[in-house]
Amino acid sequence: NIRVTFTFSGSLLEQIIDIIENRKKDVRWIISEKIINGTVTEEDVFNMLRIPGGFFDINWARIVDKSIRYRELRDLAQNAFRTCSGIARSEEELIKCVVNMFTGGNPLHQRVIDLAVMFNLLWIDPQVIRELYPDLNNLRDRAFNNPNPSFTTDDLHKILNVHYDIISRIPDIYRELANRGQIELIPVPYSHPLAPIITALGFKEDLEIHAEKSIDLFKQYFNYIPKGVWPAEQAINEFVAEVFRNTGFNWTVTDETMLAKIGVNTDDINNIGIPWTIDFQNGRIYIFFREMELSNKISFQYGSWRYTDAVSDLVNTILNYRQHATGPRLIVIALDGENPWEHYEEFGTLFLNELYRRLSELQDQNYIETITPGEFITKFSDTAKSLPLKQYYYLDLVDRDISNIPPDSYGDGYSDLPRKEINARLPEGSWSGGELAIWIGHRQENVATMWLVKARSDILRKLGLNSFRELYQKHPDVAKYLLKAEASDWWWWYGGDGGGSPAPFDPLFKSYLRKAYELADLTPPDYLNVYAYPDGTPIGVINDNVPIPVETPPLIDGVIEDIWLIEVNAGRGLKIPVGNIVQTTYLLIDNENIYLAFNVSKQSGLSIGVYFNNPAVSLSPYNPEYNVYPRYSRVDLGIYLAREILVDIDGNNVYISKALGDGSWSVKNVKTLFISEKNNMYNIELSIPFSELDLIQGAIINLAVVTYVENQVVEYSSRLGLVYQIQVPRGALIGRIIFEMNDPEGDDDGPGGVKYPKNPVFTKGVFDLLKFRVIETETSVVFITQFANLGGNPWNGPNGWSLQQVHIYIHTSIEEPGLTDMIALNAKIIDEHAWHMAILLAPGWGTEPIPQGEKSGLYYYNRNNPEVQNGKFRVYADHASNSIIAEISKELLLDVENIDKWIYVVAVYSHDGYGHNRIRSVVVGEPEEWKIGVPAEYGPAVLNNVFPFILDLLAPTAEEQYSMLRSFDPEQQRLASVRGYGPSLPTTTETTPATETITTPVSGTETETATETLSETTISEVEREEKRVEQWIPIMIIIIVIIAITIIVYKLRKKS
């Protein structure tokens, strides 16, 4: 008796039918069948082992880590890639090395069979197995509990048959539920386009066809005419709503934040609990606004709760709303149904069964009624209110080339996109903070958008057509591929703010554009044929840690001295294997130069190219300032080639050139080569200033090395799209030292005895705070937290780091009392140092600040909404000094005029994007792979939820830190209390007075110079980089079910 609304995108429905009727298969299905019939190849096994993109694309916490065998196979695969990436001299060697390490040279090794079985088996919902396929229960038990399950190809064959059977049931199940009125079915426009961006580009016709095509597919396969429509990502504006109404829909749904942007109080159930309307020429459309807290809890939080507690929390929230409802009111719980369930115990089965049971009880008791939006409109349309006419800003992208926004970084430029002011009844935005920033604004996203625009215009021009509708009518196959290229998911993954890697999805987007070009009898642009993302950055890097500037550069004389290898072995440089001719390339940097040394087999006609990408060049497809391929060939190096160092050995010259965008190069400078010969080998050394390569200070730059023989590419350093990275040292920033304080080394164990998780990424010192500094510049305040070791950026956090979370709480001279809670850290600040501002620094994925999201946020004691990192709140890492830096405009800070009186509490913990409040979980006893180990003596504190989530706290001594963090009381459920430090407070260690000058070179070594007249400092900075490779990513699963539970809440009338 529960009513639910489900959605299907048109393209998803097409894919399901294609699988059922035409037996279409995806690549993993094909590889699995090749294992069954004994034809699996070395390359197939390599693709199985890729992370992401292979057979480990399944939830690690709920599945992989709970299976002894699956965990073992993952670790073997990771070790194989780690080992082989450093020694393979070609892509072929890399594939062979990885596969041989995993299989011992046998592609049908038991490990391969076990991996294929577990991947295909454990994606099946356990309740589905119990109810429909009980003969798979034994296989599932073995997968989790047997370290040597010894699966067979017969097992794999059985599982694949179950996959097909499950998929074949889908259309009939939903058709039956809809026919009996228990569910309402609504489409997502055909390929799930981000509708406001489509209309902003002037592609209104495209959106109309997306909507029309979905309706046609619903009629054909469900025999159902939908009344409502789900805008992809709940992204909408008034133009989109009008297209929906004109297409025949009478209701749609978007997010609570959109109603808040209108100026309506969304805390009141009597506002958010009713439909709102807009009247167009073709009729009225009703707009529902989902309840954000419960929807997001299901999506992002309840998965880590006990399912009974989660359901109780949800039900209690509903009943609380009921107390304040003055009539029939809706609580709209709506979310992307494919996202949360893999994070839940038993894929959400336990939670959903308990939820439906509790809702049924409440419904039987007449406390609530579950209803679909279409039914609510029929029964209670008189509760609707008209949306007011207001002024809003919409994106304005017609005839605008946004490829070079931002112009000099791979970062985000969302706030710089062109916009126009319009009168409308609906703002523009989505479920994600009421904005569109996840899908547009990042350089990668902007370039991809222009690829789409160019492809569409090129094709219309080639075919002599004036409109997209004409294209759809005359060349539906071409139009269909462009519609697929308009899907929002490509942009979700681009830019890193979607919380995962674009690597599995980027080739699909390119393939749709490529196919559309080909069907229109056009040659696809070269950028659609290579690994590099749209902004020219790679799908991954071989070296996690960037070179650190050396204090003493090598002598450039053509003789490769020991210093090269010493610096490389110390982790300050790179050793790059290229091939059998260029056997070794060494790379070092200092603050101004890049140093290269080559060990080369002697032969004639030999030259070496070193290629760099560069965010400062034009990435526009209309006027590119990069080349896609190196000289003389179409070899894919994994990056766009913007600058070249060409070593002409026979000519004894070094040419520094810039790409012209058409495959040619313009020489900027020529230098003399330093070369020597020994044992039939060339030893070559050279140094090039970063300025001559036009590389931006602080930027992460990727590079590849190529060997040419007689003007032919014979070997190169890239490995299947993976390249090397460096960070360009940043110049000095002048400012006044406000505060500086050292923190003891080795005290990164919280209240004492706490241990890091066991995974190798948690290297020694990554949470060990060594120094905290505050610098005032003319326009900003810079906060620097320096660590013993940043640990690189293993998952490509957009802000330049992955592991740490830094909290900086500031007590100002404001007389009003501040706040004492340390956000999500389970500790309190003493009243005397209560905070007026809190700076929470995180790796930077997504769009929301921690603890809701993973971007950095600036919180205020007297405001509800924090400031999220942006152009005035810049956050980045300086790997040279192992520092995390926040540079905040004075416009955003309170009480800046009294900055010398500020007091700081600085805390460090382990960031976990999948943990509750983005905080890494603890376990009493020895640490686990992803959990922090807490001594048994703190067990009562953990049990009573008073254990502080702090690994290092700014304090003059370790003893003082331990004393503060042990001040909790489990029996009284009292949290630990901590104090702060500042220029006006004495400490037991020296702080730097504001009249000193400190010079911090990029290398991270420090020299201090006292002066009576100067008060300046130079500090190193870095730009932000926008790409994440996570330890795992969500997999594209077969069916996307978007659940919208709409509930009428009304007060129970007393029976007379």
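A few notes on this one:
- The modelled label-to-label distance for the pair residue 279/residue 313, using points 7 Å beyond Cα in the direction of Cβ, is 4.3 nm.
- Highest-first arrangement of 153-161, 333-341, 717-725, 123-131, where packing means the average Cβ count within 10 Å: 717-725, 333-341, 153-161, 123-131
- Relative packing of 180-187, 847-854, which averages over residues the other C-beta atoms within 10 Å, highest first: 847-854, 180-187
- Three-way shape call for region 917-966 based on the alpha-carbon gyration tensor, with the a/c threshold at 1.5: prolate
- Order of 150, 403 - criterion: other Cβ atoms within 10 Å of each residue's Cβ, fewest first: 150, 403
- With neighbours defined as other Cβ atoms within 10 Å of a residue's Cβ, the residues 665, 835 order from fewest to most as 665, 835.
- Paramagnetic label reach from residue 580 (point 7 Å along Cα→Cβ; backbone nitrogen cut-off under 12 Å): within region 695-727, residues 715.
- Residue-wise HN-Hα coupling along region 261-266, computed from phi with Karplus coefficients 6.51, -1.76, 1.60 (Hz; x: Gly, Pro): 5, 6, x, 8, 6, 7
- Theoretical ellipticity at 222 nm over the chain - DSSP helices of four or more residues, -39500 (n - 2.57) apiece, nearest 500: -8500 deg cm²/dmol
- Hits among aspartates and glutamates - C-alpha to C-alpha of residue 671 under 15 Å, sequence gap 8 or more where chains match: 557, 644, 648, 650, 685, 692
- Burial ordering of 472, 70, 632, fewest other beta-carbon atoms within 10 Å first: 632, 472, 70
- Bridge type composition, the chain - antiparallel percent by DSSP, nearest 5: 85 percent
- Simple spin-label estimate for residue 358 and residue 457 in nanometres, 7 Å along Cα-Cβ: 5.4 nm
- Given R0 = 60 Å, the distance between the Cβ atoms of residue 890 and residue 83 translates into a calculated FRET efficiency of 0.75.
- Shape of region 556-681 from the C-alpha gyration tensor: prolate (a/c of 1.5 or more and a/b above b/c, with a ≥ b ≥ c the square roots of its eigenvalues).
- Reachable lysines, given that their alpha-carbon falls under 20 Å from the alpha-carbon of residue 668 and they are not under 8 places away in the same chain: 658
- Cα shape, region 736-1018, gyration tensor, a/c 1.5 rule: rounded
- Set of aspartates and glutamates with alpha-carbon distance to residue 420 below 19 Å, sequence-local pairs under 8 removed: 238, 242, 396, 399, 401, 428, 435
- Sites residue 570 and residue 666, calculated FRET efficiency, Cβ-Cβ separation with R0 35 Å, nearest 0.05: 0.40
- The string of couplings for region 7-21 from the Karplus curve (6.51, -1.76, 1.60, θ = phi - 60°) is 10, 10, 6, x, 5, 5, 4, 4, 5, 4, 5, 4, 5, 5, 8 Hz, one whole number per residue in order, with x for Gly and Pro.
- Using a simple spin-label model with pseudo-atoms 7 Å out from Cα toward Cβ, residue 779 and residue 984 lie 2.9 nm apart.
- If you take the Cα centroid of region 493-533 and the Cα centroid of region 246-302, the two points sit 34 Å apart.
- Region 404-448: trypsin sites (Lys or Arg not before Pro) in DSSP loop, at most 14 other beta carbons within 10 Å: none
- Each peptide in 799-809, 701-711 gets a packing score, the mean of other Cβ atoms within 10 Å over its residues, and the list from highest to lowest is 799-809, 701-711.
Throughout, read-outs are computed from the coordinates displayed, never taken from laboratory work. These figures come from a predicted structure and were not determined experimentally. Glycine also receives a Cβ, built like all others from the backbone with ideal geometry; neighbour counts cover every protein chain displayed.
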